[in-house]
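**Q** Sending over a structure as structure tokens; questions will come in a sec.
Read-outs: derived from the displayed coordinates by stated rules, not from any lab. None of these values were measured; they are calculated from a predicted model. Cβ placement follows ideal geometry from the backbone for every residue including glycine, while neighbour counts extend to all protein chains displayed.
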Amino acid sequence: MKLLSSLIKEIKLASHSFYFYVEIGFAVVLLIVVAYVVPDNFTSPKNEEFLYFDGPPAAFEVMLSDIDDTDGAAEAGTFKVKGETIDTTLYENDESKYYFTANADDMMTLADSKNKTGAAIHVDSTTFKTTFDYYLQGYETQRLKNLISIFHVNENAVLETAYDSQEIRVMQEVPRLSDKINILPSLLTFNASLMGFFILAAYVYLDKKEGVIKAYAVTPSPIWHYLTSKALVVMLTALVTTLIIVIPIVGAQINYALLILLVLTTGFFGSGLGLILGGFYDDMEKSFGVLFSLMIVLGLPIIAYNLPSWDPLWVKFIPSYHIVYAFRELLVPNGDIPYVLWVSLAFTAAGMLLMWICNARYKRTLSV
Amino acid sequence: MIKVEGLYHSYNRDGDYAVKNASFEVPKGEVFGFLGPSGAGKSTTQGILTGLLRLQEGKVNVAGYDVKELKRSMFNKIGMSFEQSNVYSALTARENLRFYSKLFDVPTEDPDTLLKLVGLFDVADKKAGEFSKGMKHRLTFARSMMNNPELWFLDEPTTGLDPAIAATIKEIVREKNKQGVTIFLTTHNMYIADELCNRVAFIVDGEIKLIDSPRNLKLQYGQNLVDVEYGDGGSLKKETFSTVDERDIKKLQELIGRKHIATMHTKEATLEEIFIKVTGRELV
């Protein structure tokens, strides 16, 4: 009864608080962005190459056959660089655009103005020996320079044969999500689980500022009721904001029972962190350094998730890493359900440990 | 109702004591005033008695509970009115009281009855955040009566209130005391202590300097003087006479016979004057 009364009070307070509407508003903004701004799949712009060819027409024909122009026709064009007009001939395939200039100087001017690498290709008309002059910008890595240096140690045909004979073995088939859906695990982790930690700390600071925490301390109601009611209201808010985003975007293609379980358990953990922070500091200003640092650390796995090439082992030890990937498993068809359950269980246990610490801490510091 | 023996408290546990060797008892039904200037150790002592501060050294028994092994059920028996108002700004006055009423295990007062008692019934549905400082203070005061406490802690109950409201608050305190409620009043206002308390304790620098009833203190430390205003040659003069000094008695008798007496008042020492005399400190 006391817990229910505390929970109703917390819901009333939350519904009157600025932070609650910030969370709801943030969820709505995310929904709009994901629904209307993020495409189903991102398309990357075509690579642009600036080239000058110096050699016999027959060799140029061979090169064009390698380029394999989409419509098989050259396209004349011009670039204006510092008031000077440079004529180009464009060939284009699915991956790149190749701009050929009339001379090496034009190629260098264009490459310079576009901050791109340019190349002059020389083919001897009698021996057909090919040489390349690369025009670099100066900031290229040594690895790229080394690659360019060794790239032409063999004839193109030899390189191509070697490339085609590379054996590529797929060790694990990773189900692919559309880019629109793939963005959701990061947003849900941040909005539902991490935001709760910040909001809960803010609620405690508000109570401390108003002194109501002292008034609560001189009632027979146990401290854990106070803590639990705060955590419950934050978990409830997390659930609402998650559903605001997920229902319109994903529809019925997700297991909602597991989603609710994951949001509540990870929200419980986030609430525990927020309560810990609230127990050690008196206001947002004093805790800002720790709060900000913790947000950054917990946000690192989100970066790792979005940059697959950056996935160091130590990131896996940050709890939010598993929140992101558990959300992902819920979104992929035939996702790893045992992993989601394991994450939910682990975060419930971690949340309970945090609440136990909070209970001891608040008993000592709730009052004066 | 309260028994304190050899109480010490140091915030930094470094031997710099906010309360030093405090011992006193408050029997059931008494209004006990704990008086001292800011920083004297009043709030620290009250914090320990109400479980808001952890007991470090000494023995403290409150309402039959050993504060060392604090049980939450103790709070069913005590009420606490804080000096600084501490109510939920986002909730109405009624919601504030209703919420607290559900936190007790004992029958509680009807929130509306309490709001009527402190003159806030008309604004029961107004958010506490829109209240004036005095109204918030009254709401905090009303909340402390929610569980009909046997032992009532009042911290500066009339501070910042206008005289009419302060008189109402004092009347409520008297009425509750008549009903048998024990009251522990913490204040630096000697007038309210004089009006309400059966006994007072003077505390300075964490040490209790004396404990006695205001009447005994006045008898012990007060001077027996009479202030007289009389007409003399068309002007009004003022003189003070001792009622124990033979020469002063004689002069006063002569004055009454020869002059027109405008006003005559016996002059008792105030608690504030006694406090300064005993402790050598002012009540700032």
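**Q** Given labels modelled 7 Å from the Cα in the Cβ direction, how far is it in nm from B:E171 to A:I337?
**A** Calculated label separation equals 7.1 nm.
**Q** With a cut-off of 8 Å between alpha carbons and a minimum separation of six or more residues, what is the relative contact order of segment A:47-159 in percent? All intermediate terms of the calculation are to be shown ahead of the outcome.
**A** Details: 165 pairs, mean separation 31.8, N = 113.
RCO, segment A:47-159: 28 percent.
**Q** Let me ask something else about it. What share of all Cα pairs of the protein assembly as shown, in percent, falls into each consecutive 10 Å distance bin?
**A** 3, 12, 16, 14, 13, 11, 8, 7, 6, 5, 3, 2, 1, 0, 0
**Q** What nm distance separates the two modelled labels at A:V37 and B:S38, each placed 7 Å from Cα along Cα→Cβ?
**A** Between A:V37 and B:S38, the simple spin-label model gives 5.1 nm.
**Q** So, one more: With θ set to phi - 60° and the Karplus curve 6.51 cos²θ - 1.76 cosθ + 1.60, what are the ³J(HN,Hα) couplings of segment B:95-111 in order, to the nearest whole Hz, using x for Gly and Pro?
**A** Here the 3J(HN,Hα) series is 4, 4, 5, 4, 4, 5, 4, 8, 8, 9, 9, 10, x, 10, 6, 6, x Hz.
**Q** Using the Karplus equation 6.51 cos²θ - 1.76 cosθ + 1.60 (θ = phi - 60°), what ³J(HN,Hα) coupling, rounded to whole Hz, does each residue of segment A:245-257 give in order, writing x for Gly and Pro?
**A** 7, 6, 4, x, 8, 9, x, 8, 8, 8, 7, 5, 4
**Q** Find how many whole Å separate the alpha carbon centroid of segment A:186-226 from the alpha carbon centroid of segment B:218-284.
**A** 60 Å
**Q** Under 5 Å between amide hydrogens, which residues at least 5 positions from B:S10 or on another chain qualify, with H placed 1.01 Å from N in the peptide plane?
**A** B:A18
**Q** Could you please rank B:V67, B:V19, A:V234, A:V158, placing first whichever residue has the fewest other Cβ atoms within 10 Å of its Cβ? Let's see the in-between values first.
**A** Working: B:V67 23, B:V19 27, A:V234 30, A:V158 10.
So the residues, fewest neighbours to most, are A:V158, B:V67, B:V19, A:V234.
**Q** What FRET efficiency do you get for B:E207 and B:I276 if R0 is 25 Å and r is their Cβ-Cβ distance, rounded to the nearest 0.05?
**A** Details: r = 16 Å, r/R0 = 0.65.
That pair, B:E207 with B:I276, gives E of 0.95.
**Q** For chain A, give me the percentage of DSSP beta bridges that are antiparallel, rounded to the nearest 5 percent. Present the calculation step by step, with values, prior to reporting the outcome.
**A** Numbers: 18 of 29 bridges.
If we restrict to bridges inside chain A, about 60 percent are antiparallel.
**Q** Calculate the spin-label point distance for A:K82 paired with B:D16, positioning each point 7 Å from the Cα along the beta-carbon direction, and give it in nanometres.
**A** Each label point lies 7 Å from its Cα, and together they span 7.0 nm.
**Q** In addition: Roughly how far apart, in whole Å, are the Cα centres of segment B:161-179 and segment A:103-150?
**A** Here the answer is 94 Å between Cα centres.
**Q** On to the next question. If the viscosity is 1.306 mPa s and the temperature 10 °C, what translational diffusion coefficient in µm²/s does Stokes-Einstein give for segment B:1-110 when Rh comes from Kirkwood over Cα pairs?
**A** Using the Kirkwood radius from Cα pairs, D works out to 101 µm²/s.
**Q** Here is a further query. Given 37 °C and 0.692 mPa s, compute D for segment A:164-262 with the Stokes-Einstein relation, Rh being the Kirkwood radius over Cα pairs; round to the nearest whole µm²/s. List each step's numbers first, then the result.
**A** Values: Rh = 16.9 Å.
So the translational diffusion coefficient is about 194 µm²/s.
**Q** Label point 7 Å out from A:K286 along Cα-to-Cβ: which residues of segment A:200-233 have amide N under 19 Å?
**A** Answer for this model: A:200-217.
**Q** Looking at the protein assembly as shown, send over the antiparallel percent of its DSSP beta bridges, to the nearest 5. Intermediate results must be reported in sequence, preceding the final value.
**A** Numbers: 51 of 80 bridges.
That works out to approximately 65 percent antiparallel.
**Q** Let me ask you something else. Can you give the three extents of the C-alpha atoms in segment B:223-267 along their principal axes, from longest to shortest, in whole Å?
**A** Over segment B:223-267, Cα extents along the principal axes are 30, 18, 10 Å.
**Q** Size of chain B along its principal axes in angstrom, Cα-based, largest extent first?
**A** Here the spans come out as 71, 49, 32 Å, largest first.
**Q** For segment A:117-129, in order, what is each residue's ³J(HN,Hα) by Karplus, 6.51 cos²θ - 1.76 cosθ + 1.60 with θ = phi - 60°, in whole Hz (x at glycine and Pro)?
**A** Karplus values, whole Hz, x for Gly and Pro: 7, x, 8, 10, 10, 10, 10, 5, 6, 9, 8, 6, 6.
**Q** Report, to two decimal places, the Cα Rg of segment A:245-368 normalised by 2.2 N^0.38 Å (N = number of residues). It would help to have the intermediate numbers written out before the result.
**A** Numbers: Rg = 16.5 Å, N = 124, 2.2 N^0.38 = 13.7 Å.
Compared with the compact-globule rule of thumb, segment A:245-368 sits at 1.20.
**Q** Let me ask something additional. Rounded to the nearest 0.05, what FRET efficiency is calculated for B:V226 and B:K59 with R0 set to 51 Å and r the Cβ-Cβ distance? Don't jump to the answer; show the numbers that get you there.
**A** Working: r = 47 Å, r/R0 = 0.93.
It comes out at approximately 0.60.
**Q** Using 0.36 nm per residue, how much length does the chain from A:S15 to A:Q253 gain when fully extended, once their Cα-Cα distance is taken away? Working shown, then result.
**A** Values: separation 238, 0.36 × 238 = 85.68 nm, distance 3.09 nm.
So the extension gain works out to 82.6 nm.
**Q** Ok, one more. Could you put A:Y52, A:Y134 in order, starting from the residue whose Cβ has the fewest other Cβ atoms within 10 Å? Intermediate results must be reported in sequence, preceding the final value.
**A** On the way: A:Y52 23, A:Y134 16.
By the 10 Å Cβ count, ascending, the order reads A:Y134, A:Y52.
**Q** Only Cα pairs under 8 Å and at least 6 apart count here; give the relative contact order of segment A:124-244 as a rounded whole percent. Could the numbers behind the result be given before it?
**A** Numbers: 20 pairs, mean separation 36.6, N = 121.
Computed over segment A:124-244, the figure is 30 percent.
**Q** On a 0 to 90 degree scale, rounded to 10, what angle separates helix A:319-331 from the longest Cα axis of chain A?
**A** Result, in degrees: 70.
**Q** Take every residue in peptide B:48-61, count the Cβ atoms of other chains within 10 Å of its Cβ, and give the average of those counts.
**A** Numbers: counts 1, 0, 5, 3, 6, 3, 5, 0, 0, 0, 0, 0, 0, 0.
Partner Cβ neighbours, averaged per residue: 2.
**Q** What is the gain in length, in nm to one decimal, between B:V106 and B:H265 on full extension, counting 0.36 nm per residue of separation less the C-alpha to C-alpha distance?
**A** Numbers: separation 159, 0.36 × 159 = 57.24 nm, distance 5.04 nm.
That works out to 52.2 nm of additional length.
**Q** For A:W224 and A:I303, compute 0.36 nm times the residue count separating them, minus their Cα-Cα distance, and round to one decimal in nm. Could the numbers behind the result be given before it?
**A** Numbers: separation 79, 0.36 × 79 = 28.44 nm, distance 3.50 nm.
This chain segment gains 24.9 nm when fully extended.
**Q** Something else about it: For Cα pairs less than 8 Å apart in space and 6+ apart in sequence, what is the mean separation divided by the residue count of chain B, i.e. the relative contact order in percent?
**A** Across chain B, relative contact order equals 21 percent.
**Q** Can you give the helix-only mean residue ellipticity at 222 nm for the protein assembly as shown, where every DSSP H stretch with n ≥ 4 adds -39500 (n - 2.57) and the sum goes over all residues, rounded to the nearest 500 deg cm²/dmol?
**A** Working: 24 runs with 307 residues, N = 652.
Helix contribution divided over all residues of the protein assembly as shown: -15000 deg cm²/dmol.
**Q** Can you list the residues, at least 5 places off or on another chain, whose amide H is less than 5 Å from the amide H of B:T92, using H built in the peptide plane?
**A** Excluding prolines and chain starts, which carry no amide H, the hits are B:A128.
**Q** Amide H to amide H under 5 Å from B:G79: which residues, 5+ apart in sequence or cross-chain, H placed 1.01 Å off N in plane?
**A** For B:G79, whose amide H was placed from the backbone, the distant partners under 5 Å are B:L151, B:W152, B:F153.
**Q** Shifting gears a bit: Based on the Cβ-Cβ distance of B:L236 and B:Q84, what FRET efficiency does E = 1/(1 + (r/R0)^6) give at R0 = 35 Å, to the nearest 0.05? Please list the in-between numbers first.
**A** Numbers: r = 46 Å, r/R0 = 1.32.
Between B:L236 and B:Q84 the formula returns 0.15.
**Q** Listing A:K116, A:K9 from the residue with the fewest other Cβ atoms within 10 Å to the one with the most, what is the order?
**A** With the fewest neighbours first, A:K116, A:K9 line up as A:K116, A:K9.
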